[in-house]
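Data first, discussion second: the structure below is written as structure tokens.
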Amino acid sequence: MTVLCSHHRIVEKEPSKVNPRWKSCTVYSLLLMVASCLVVSFSLHGLIAEYKNHCLLEANLHFIPVPGNNQTFQNETNPNANQTVVQYVIDEYWSNWTSGTYCEILTNLPLFQGICCTIWLAIFIIHGPGGILPQPWRIVFPSLIFFLACSFTSILTAGFITRGLTRLCAEFRKVDSVQDVSCAQSILYFALSTENSTLVQVDKNFFLTLVFPWIWVGATVFGFGVILLRIILMPDFELFRVVISMHTGRKELPVERLPQRASSEISEF
């Protein structure tokens, strides 16, 4: 038998032969993305609702004293001297609120991405072998672009929300009577709504709005990393060696499997 030539070919594995942990990691990241997106959107909306739908992120607040509502405390260093603490409220009219469009974008963008992640999760779970694009590129590029776009969006949104809340806390620290109070309690104290219109208290909404954007970022970066590793490590494909030989006057195409493995992208989500 005379070997004429040989080459290697990447062949897609059967779905049952692919390690299910790859799929599970991506599913968990998508679920965490959906949950964190919903928490960010609703908690930020609840926080804004307590201030009569004024956009309080990066707002310049104007405080006015409340007449006849001052509190007097005894000075610990000098028991004979009393200390009067002036109570302040936010002047809704003279305060410089941020544009409502800015807060609407930061509120609706996580909700929109949560809906997109839900759709992508359904496609990811039910997707199987077959497709329009040639193997192995029919899934890699859409998945990579999707998670990359989600990571970019989440990082920007989390950065803007964190910067806005930091600026808001700095505005509250200008008031002498609440300098020793946490920012979450200050948000609850200066709320403009007389009745609580949210399911979660405003101070808890503050913590949810502060923490969950970065959980959202972590989930998107984790999902992007899993997809990138599947492209680099190629667990969905096998490398075969194809040998073209001459035997008894005719060509044969035997296929020899090598122990080496390669993969390129995701054959199945």
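Summary table below
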{"item": "Peptides 51-64, 87-100 ordered by average Cβ neighbours within 10 Å, highest first", "result": "51-64, 87-100"}
{"item": "Table column - 3J(HN,Hα) (Hz), the range 215-230, Karplus curve with 6.51, -1.76, 1.60, x for Gly and Pro", "result": "5, 4, 4, x, 5, 5, 5, 4, x, 5, x, 5, 4, 5, 5, 5"}
{"item": "Rounded to whole Hz, the Karplus (6.51, -1.76, 1.60) HN-Hα couplings of the range 101-117, x for glycine and proline", "result": "5, 4, 6, 5, 5, 5, 7, 7, 5, x, 5, 5, 5, x, 5, 4, 5"}
{"item": "Net charge of neighbours whose Cβ lies under 10 Å from the Cβ of VAL226, counting Lys and Arg as +1 and Asp and Glu as -1", "result": "+3"}
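Readers should treat all values here as calculations from the given coordinates under stated rules, not as data from a laboratory. Remember, predicted model here, so these are calculated numbers, not experimental data. Glycine also receives a Cβ, built like all others from the backbone with ideal geometry; neighbour counts cover every protein chain displayed.
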